[in-house]
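Undergrad: My questions will all concern the structure given below.
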Amino acid sequence: MDTSADAGPRFRNCRSPPPKPLLLKQTVLDAIRLGYRHFDTSPRKLKLDYLDLYLIHWPVSSKPGKYKFPIEEDDFLPMDYTAVWSELEECKRLGLAKCIGVSNFSCKKLQHILSIATIPPSVNQVEMSPIWQQRKLKELCKSKGIALIAYSVLGSRVAFWGSHKIMESNILKEIAEAKGKTVAQVSMRWAYEGGVSMVVKSFTKKD
C-alpha cells in the first residue's frame with residue numbers, strides 16, 4: 001500500500017465527495033480479490049507502521065491543520081524540500097517505508113530533489129493522459145531510473161479539476177472504433193505501452 005507496491009494493478013480509493021466507509025471497505029476488499037496490490041490513499045486513513053511506498057503528495061506546504069483542497073492562497077507556506085525529503089529518507093532507513101517518492105513534481109522540482117537527495121525517489125506520480133503526455137518529464141524519469149505512475153488517464157471527469165476532453169476526443173474515438181475497443185481501453189493501452197504504470201479508480205467490479 002502507498003499513501004498517494006510493487007507488481008499488480010493500481011487502485012485509487014478516492015472520490016470527491018468521499019464514499020461512505022462501508023462502501024469504501026467493500027470496494028477495497030473486492031479490489032484485492034481481483035488482484036489489486038497498489039492502493040493509493042492518504043495517511044489520515046491509515047493506522048499502519050509500514051508502507052510499501054510513501055510519497056510527497058504535492059510539492060507545496062500549507063498551514064498545519066489545514067486540509068482544504070485546493071489550498072487557499074493565505075494558507076500556503078514555503079516548502080522546505082531538504083527537511084521534508086530527509087524525513088522520508090529517515091522513514092526508509094528505519095524500515096517504515098520500503099520505497100519513497102514524490103507526486104505532482106515537475107522536471108524542475110524533481111531535479112531539485114535529486115540534487116539534495118541521499119536516497120533518490122523511486123516514483124513520481126503525476127497526471128498523465130493521451131492529451132497531456134508529459135514527454136519531457138517522462139524522459140527525465142527514465143534517465144534517472146524513476147518509475148512514472150499516471151493518474152487521471154481518463155480525465156477524472158467527476159473531479160473538480162477533471163476534463164471531458166479525453167473521453168470525448170474524436171481522434172481517440174476513431175482509434176477505438178478501428179480497434180474494436182473503448183476510448184478508455186485505448187487511453188490505458190497508450191500509457192501501458194509507454195511503460196507507465198497507472199492508478200485507476202472505480203467503485204464497481206465491472207469497471
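The values are calculated or read from the model by the stated rules, or taken from the named source; none is laboratory data. Keep in mind the model is a prediction, meaning the values are calculated, not measured. Cβ sites come from the backbone with ideal geometry, for glycine too, and all protein chains shown count toward neighbours. To get the accessible areas, we keep the full protein, side chains included, count just its heavy atoms, and leave off ligands, DNA and RNA. Shrake-Rupley method; radii C 1.70, N 1.55, O 1.52, S 1.80 Å.
Undergrad: Considering Glu90, Glu139, which residue is acidic (Asp, Glu), in a helix (DSSP H, G or I) and surrounded by 13 or more Cβ atoms within 10 Å (Cβ to Cβ)?
TA: Numbers: Glu139 fails: surrounded by 13 or more Cβ atoms within 10 Å (Cβ to Cβ).
Just one listed residue meets the conditions, Glu90.
Undergrad: Step by step: first the residues of the range 54-74, then only those that are surrounded by 13 or more Cβ atoms within 10 Å (Cβ to Cβ) and over 19 Å from the mean Cα position of the chain (by Cα), then the one that is modelled with the lowest pLDDT. Which residue is that?
TA: Lys66
Undergrad: In the range 188-202, which residues are within 20 Å of Asp40 (Cα to Cα) and either open to solvent by less than 90 Å² (accessible area, probe 1.4 Å) or among the charged types (D, E, K, R) (or both)? Spell out the reasoning first.
TA: First, the residues of the range 188-202 that are within 20 Å of Asp40 (Cα to Cα): 188, 191-192, 195-202.
Hits for the range 188-202 are Met188, Ala191, Gly195, Val196, Ser197, Met198, Val199, Val200, Lys201, Ser202.
Undergrad: Which one of Ile131, Ile119, Ile166 is over 30 Å from Lys92 (Cβ atoms), open to solvent by less than 70 Å² (accessible area, probe 1.4 Å) and more than 16 Å from the chain's Cα centre (by Cα)?
TA: Numbers: Ile131 fails: open to solvent by less than 70 Å² (accessible area, probe 1.4 Å); Ile119 fails: over 30 Å from Lys92 (Cβ atoms).
Step by step, each of Ile131, Ile119, Ile166 is checked, and only Ile166 is over 30 Å from Lys92 (Cβ atoms), open to solvent by less than 70 Å² (accessible area, probe 1.4 Å) and more than 16 Å from the chain's Cα centre (by Cα).
Undergrad: Kindly establish whether Ser163 is touching a Gly at 6+ places or on another chain (Cβ under 9 Å), part of a helix (DSSP H, G or I) and over 17 Å from Val102 (Cβ atoms). Talk me through it step by step, then tell me what you get.
TA: Working: touching a Gly at 6+ places or on another chain (Cβ under 9 Å): yes; part of a helix (DSSP H, G or I): no; over 17 Å from Val102 (Cβ atoms): yes.
When the stated conditions are applied, Ser163 does not pass them.
Undergrad: Any chance you could count how many residues in the range 142-163 are of a type outside the set (D, E, K, R), open to solvent by 60 Å² or more (accessible area, probe 1.4 Å) and modelled with pLDDT of 95 or more?
TA: So the answer is 2.
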